[in-house]
Amino acid sequence: MHMPNRLAYEKSPYLLQHADNPVNWLPWGEEAFAKARAEQKPIFLSIGYSTCHWCHVMAHETFENGELAELLNRDFVPIKVDREERPDVDRVYMAYVQMATGHGGWPLSAWLTPELKPFFGGTYFPPEDRQGRHGFGTVLRALAHAWKNDRDQLVAEGNRVIEQLQRHFVNNVSAGAVDDGAGLAESAGEAFLNAFQYYHESFDAGEGGFGGAPKFPRASNLDLLFRLSGRAGAGSPKGREALGMAEVTLQKMAQGGIRDHVGGGFHRYSVDDEWFVPHFEKMLYDQAQIVVNYLDGFQATGREVYAWVARDTLDYLLRDMKAPSGGFYSAEDADSLVAHGAHERVEGAFYLWAKSELDAVLTRAESALICGHFDVTEAGNIGPDRDPHNEFSGKNLLRQRQSLAVSAGKCGLEVEAANGLLIAALERLRLVRSKRPRPHLDDKIITAWNGLAISALAKAAQVLGESGAPYAAAAVRAAEFIERELYDEKRGVLFRCYREGRGVNEGFAEDYAFLIQGLIDLYETTFELRWLRWALRLQTTMDALFWDEAAGGYFNSAAGDASILLRLKESYDGAEPAPSSVAAMNLLRLAPVSGDERGFSKRARRTMAAFQAHWGAVPQGLPRMICALDRVVTPPAQVVLAGELSSPDFRKLAAVLYERPSAEWVAFAIVDEVSQRWFAERAPWLAGVKRVDARATAYVCDHAVCRPPVTDAGALRDLL
């Protein structure tokens with residue numbers, strides 16, 4: 001009988017998925033490295049995550065194959081890494097695979113020397129040779145032969161690769177970081193123009209998004225489009241075009257199959273250019289950032305549909321992704337069992353419907369409306385061009401193909417009646433679907449991604465008025481969970497993740513940057529001083545652990561881990577923004593009350609200067625950093641509120657702030673003697689801020705010079 005391998009002692013859901021493989025997996029660590037050195041065997045490194053569809057495919061085809069496992073165990077030291085636990089390991093070897101092959105993704109497969117230097121790599125390998133593609137067995141045999149007969153050449157290749165990665169990914173990031181950011185404003189204007197030109201040229205006017213298939217909901221693109229629109233002015237031609245590109249993208253995403261119309265939330269990406277058929281995993285970081293996009297859309301246009309999508313997505317998080325302790329789980333899988341008691345897992349099985357299933361649980365009127373509105377057909381609506389493996393035959397994926405007014409008219413209904421019928425039918429479908437086997441839930445609680453969720457919840461509480469109150473409470477609970485379980489107050493350090501207790505890995509730059517952002521957003525929602533204080537303490541730790549004093553910007557990982565051959569700086573705002581992009585914005589937001597405004601501002605500018613070679617040449621690669629750059633060029637108003645937090649007049653003044661994008665203001669509140677002293681110590685210009693005539697009062701300031709105070713919401717609105 002086969003015994004579990006060493007992964008059985010790990011807590012990562014991804015590693016546990018492989019604990020019963022016949023492969024003698026070891027976790028990343030000295031035990032595995034020592035074994036490779038002692039036996040003088042190359043390492044096979046496999047990196048993935050528990051909700052990754054193609055990771056499952058390779059696991060079933062390859063790592064459960066006894067013959068292939070025997071080859072792996074005999075000639076290599078196999079190591080498994082959960083990329084969500086160790087993003088630092090993943091980034092090093094992903095950088096290598098992308099450089100070597102021109103593409104990347106998961107599962108990531110890399111072969112290393114015992115000194116951890118890569119000499120061959122790729123992503124998914126089929127078990128045997130297929131259609132001109134080498135199978136895993138062929139690769140294993142060839143590399144084992146090469147290691148036995150040409151080891152010196154492979155070792156030399158590993159050394160060459162590390163030197164090349166050092167030149168390309170480390171030294172190149174520092175290009176341009178010759179001062180503390182002087183001249184940034186001049187360079188910024190060109191970057192804004194170039195970014196707008198890129199979006200203009202690559203925009204898919206018919207379906208939204210940029211470029212063709214596959215399409216990813218890259219939230220930072222929309223962040224920058226909203227900023228470009230605000231800079232140009234919503235009524236200007238460029239302002240209207242930037243806003244229009246963002247709106248079409250939001251509309252098409254909301255209508256497409258990439259959105260879960262029944263249960264809320266968004267899938268990872270669409271395999272086509274119509275946002276129709278997705279890879280079905282749901283990631284916490286996507287939900288959080290997409291919510292902010294829709295809230296920005298609501299603020300910019302007043303269109304209620306954007307607020308509705310934001311609520312629907314957050315309600316999914318609160319219902320299905322929130323731990324009882326208050327933190328948020330990381331992801332739901334793409335695959336699920338086709339039925340209870342079955343052994344077969346199929347991608348999308350949880351989300352697809354046969355028309356007969358809808359007819360069985362809905363009234364005739366509901367079914368007619370749902371089928372017409374969401375493109376449901378008897379034969380199924382996913383054609384063979386989007387279903388090459390015939391997995392979705394006879395099934396339908398809900399996507400909105402026409403307006404509710406059109407659907408209502410075809411069913412002989414008034415729009416209001418149709419809307420009520422639609423909501424009731426979708427809720428019934430959600431309850432019916434909940435009885436199906438659910439996709440696997442990765443119940444790790446990751447600090448960085450919870451930081452993004454806190455930001456989304458906080459902004460929803462700001463923008464959605466009274467209906468946003470539950471979101472503020474959820475944001476507070478999530479922040480309190482991280483403070484309680486993932487923060488070592490004595491040392492001032494964060495930990496990366498929690499599952500059945502705190503994980504062993506300390507936080508990475510993204511954990512600090514995203515959580516600091518979330519805490520600032522939470523402070524600007526609740527005006528509770530504890531969140532601002534904690535954000536400043538975390539910024540101090542982040543600077544100590546990750547700051548590059550020589551060249552500026554933030555390394556992804558702290559110094560001191562000998563297993564990390566390269567301390568990389570992320571230079572791309574992808575599915576998650578780069579830590580340096582978020583940190584630059586955080587520094588600018590914290591600077592006025594940091595007690596070291598000049599130092600914080602200088603560090604933000606040096607961060608932007610460190611990446612100037614990147615955003616200067618390809619600004620669309622760092623859209624979040626360009627948003628931070630906009631704050632340097634056009635500093636936001638400083639708004640200081642004085643009053644009692646719970647008083648209606650204070651909340652009325654705060655509500656005026658939330659009518660406008662947060663990029664246009666930075667807000668602080670003097671609510672008691674403690675906050676009065678705290679702010680006065682760090683920003684002496686705030687010492688004189690007080691209520692006027694015992695009423696909540698607002699001061700609008702520019703570089704610590706304040707206009708006469710106002711106590712009326714309308715007067716504050718006029719000043720902003």
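The values are calculated or read from the model by the stated rules, or taken from the named source; none is laboratory data. The structure displayed is predicted, hence computed values, not measured ones. Neighbour counts are summed over all protein chains in view; Cβ atoms, including those assigned to glycine, are modelled from backbone coordinates with ideal geometry. Calculation scope for accessible area: heavy atoms of the full protein, side chains included, ligands and nucleic acids excluded. Shrake-Rupley method; radii C 1.70, N 1.55, O 1.52, S 1.80 Å.
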Give me the residue from the range 207-222 that is crowded, with 23+ Cβ neighbours inside 10 Å and in contact with a helix residue (DSSP H, G or I) (Cβ under 8 Å, 6 or more places away or on another chain) and, out of that set, modelled with the lowest pLDDT. Pro217
Among the listed residues Gly244, Gly235, Gly230, which satisfies the condition of being over 24 Å from Tyr269 (Cβ atoms) and assigned to a helix (DSSP H, G or I)? Gly230
Given the conditions (1) closer than 22 Å to His200 by Cα; (2) out of contact with any helix residue (DSSP H, G or I) (no Cβ under 8 Å at 6 or more places or on another chain); (3) in a helix (DSSP H, G or I); (4) of a type outside the set (Ser, Thr, Tyr), which single one is not true for Asp273? (3)
For the range 296-308, check the following and say yes or no: at least one residue is in contact with a strand residue (DSSP E or B) (Cβ under 6 Å, 6 or more places away or on another chain), more than 22 Å from Val376 (Cβ to Cβ) and either modelled with pLDDT of 95 or more or hydrophobic (A, V, I, L, M, F, W, C) (or both). no
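Rundown of residues vs (1) farther than 14 Å from Ala456 by Cα; (2) touching a Leu at 6+ places or on another chain (Cβ under 7 Å); (3) charged (D, E, K, R), yes/no style:
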{"position": "Asp273", "(1), (2), (3)": "yes, no, yes"}
{"position": "Lys282", "(1), (2), (3)": "yes, no, yes"}
{"position": "Gln289", "(1), (2), (3)": "no, yes, no"}
{"position": "Tyr294", "(1), (2), (3)": "no, yes, no"}
{"position": "Gly297", "(1), (2), (3)": "no, yes, no"}
{"position": "Ser325", "(1), (2), (3)": "yes, no, no"}
{"position": "Glu357", "(1), (2), (3)": "yes, no, yes"}
{"position": "Arg364", "(1), (2), (3)": "yes, no, yes"}
Check the range 42-61 and report whether any residue there is on the phi > 0 side of the Ramachandran plot, small (Gly, Ala, Ser) and within 20 Å of the chain's Cα centre (by Cα). no
Kindly establish whether Val415 is in contact with a Gly (Cβ under 9 Å, 6 or more places away or on another chain), surrounded by fewer than 17 Cβ atoms within 10 Å (Cβ to Cβ) and not hydroxyl-bearing (Ser, Thr, Tyr). yes
Residue among Ala628, Ala591, Ala669, Ala642 that alone is among the hydrophobic types (A, V, I, L, M, F, W, C), more than 30 Å from the chain's Cα centre (by Cα) and at pLDDT 95 or above: Ala642
Checking the conditions here, which among Ala448, Ala425 is small (Gly, Ala, Ser), farther than 29 Å from Asn505 by Cα and at pLDDT 95 or above? Ala425
Can you tell me which of Ser367, Ser455, Ser407 is open to solvent by less than 30 Å² (accessible area, probe 1.4 Å), hydroxyl-bearing (Ser, Thr, Tyr), in a helix (DSSP H, G or I) and under 27 Å from Pro470 (Cα atoms)? Ser455
Kindly provide the set of residues from the range 32-66 that are over 22 Å from Thr123 (Cβ atoms), open to solvent by 20 Å² or more (accessible area, probe 1.4 Å) and touching a residue at least 12 places away in the same chain (Cβ under 8 Å), ordered by number. Lys35, Arg37, Glu39, Gln40, Lys41, Gly66
Within the range 289-320, of all residues that are of a type outside the set (D, E, K, R) and under 22 Å from Leu431 (Cβ atoms), the one surrounded by the most Cβ atoms within 10 Å (Cβ to Cβ) is Leu314
Only helices (runs of 4 or more DSSP H) wholly contained in the range 564-618 count here; list those with 1 or more residues that are farther than 26 Å from Ala288 by Cα and open to solvent by less than 20 Å² (accessible area, probe 1.4 Å). 597-610
Of those in the range 321-358 that are outside any loop (DSSP other than H, G, I, E, B), open to solvent by 40 Å² or more (accessible area, probe 1.4 Å) and at pLDDT 95 or above, the residue nearest to Arg438 (Cα to Cα) is Lys322
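Among the residues of the range 233-251, count how many are open to solvent by 20 Å² or more (accessible area, probe 1.4 Å) and either touching a Pro at 6+ places or on another chain (Cβ under 7 Å) or over 26 Å from Ala424 (Cβ atoms) (or both).
12
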